[in-house]
Structures are given as C-alpha cells and as structure tokens.
1. Sort the following peptides by mean Cβ neighbour count (other Cβ atoms within 10 Å, averaged over residues), highest first: 26-32, 53-59.
2. For LYS109, go through the lysines and keep the ones whose alpha-carbon is under 17 Å away, minus same-chain ones fewer than eight residues off.
3. Checking the cross-link filter: which aspartates and glutamates have an alpha carbon closer than 16 Å to that of LYS111, excluding same-chain neighbours under 8 positions apart?
4. Please report the equivalent ellipsoid semi-axes of the stretch 45-96, computed as sqrt(5 x eigenvalue) of the Cα gyration tensor, largest first, in whole Å.
Amino acid sequence: SGVVSSSTTVDIPGSGGEAFASYSQVVKSIYTQAWIEPREVNDDSATVKASVTIRRDGTVEEARIIQPSGNAAVDASVGRTLKSVDYVRPFPVGSKDPKRTFIIRFDLKAKRQLG
C-alpha cells in the first residue's frame with residue numbers, strides 16, 4: 001500500500017515545522033527501505049532506536065544505535081542499515097541549520113506487516 005509510517009517513527013528535536021515533518025518522512029522511508037530484517041528472528045517485539053545526523057547537503061554525518069533491542073541479529077541488521085545509507089537528500093529550501101539529528105525507531109513487527 002506504500003504506507004511507511006508505522007514501521008519507524010522519527011522524533012525531531014528543535015524547530016522547522018512542516019517542511020521538516022515531510023523531510024523526516026523521507027529520512028524514515030529511506031532507512032526503512034534499506035533495512036533488511038533478519039529472517040531467522042522470531043521475536044517480533046524487537047525495536048531499535050538509532051540517531052542519524054544529516055548535513056544540510058543531505059550527507060549522513062553520523063548514524064548510530066542509541067537503544068539496542070537486545071537481540072543480536074536485529075541489532076546487527078540495523079547497524080548494517082545505518083552503514084549502508086550515506087546520503088539522503090538536501091534539507092528543505094530555506095533551512096538555516098548546518099545539520100540535524102533524527103531519531104529513528106526500527107520496529108521489526110511493523111516492518112514485517114509491511115511485507
């Protein structure tokens with residue numbers, strides 16, 4: 001159905017309003033699509049929180065897990081995803097921020113429901 005919203009959630013510290021709300025959806029969908037979840041894991045409740053810092057030009061400056069799920073296979077799959085994405089897209093027009101940090105929640109159950 002093309003709905004991405006449930007599998008990851010993004011909290012955006014700071015200001016920026018609607019332009020950044022849609023930008024955060026882009027960030028979220030890129031990471032969700034890049035995430036190849038481990039098929040051998042039966043624990044659908046596994047969720048991982050990651051922090052991703054993106055520069056104004058769209059380059060990913062830093063991406064790291066800030067809250068692991070405790071499931072080694074799931075945590076490793078998210079770690080690989082964070083390493084695999086090095087560019088998102090430039091910030092919305094008019095943005096003055098040199099960079100921004102996004103908190104992304106990788107939710108295994110929601111990802112699987114998306115198919």
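Readers should treat all values here as calculations from the given coordinates under stated rules, not as data from a laboratory. Source: prediction; values computed, not measured. Using ideal geometry, Cβ is built from the backbone for each residue, glycine included, and neighbour counts are taken over all protein chains shown.
1. In decreasing order of mean packing, 26-32, 53-59 become 26-32, 53-59.
2. LYS28, LYS49
3. Partners found: GLU37, GLU40, ASP43, ASP44, ASP75.
4. On the way: eigenvalues 138, 22, 11 Å².
That gives 26, 10, 7 Å for the three semi-axes.
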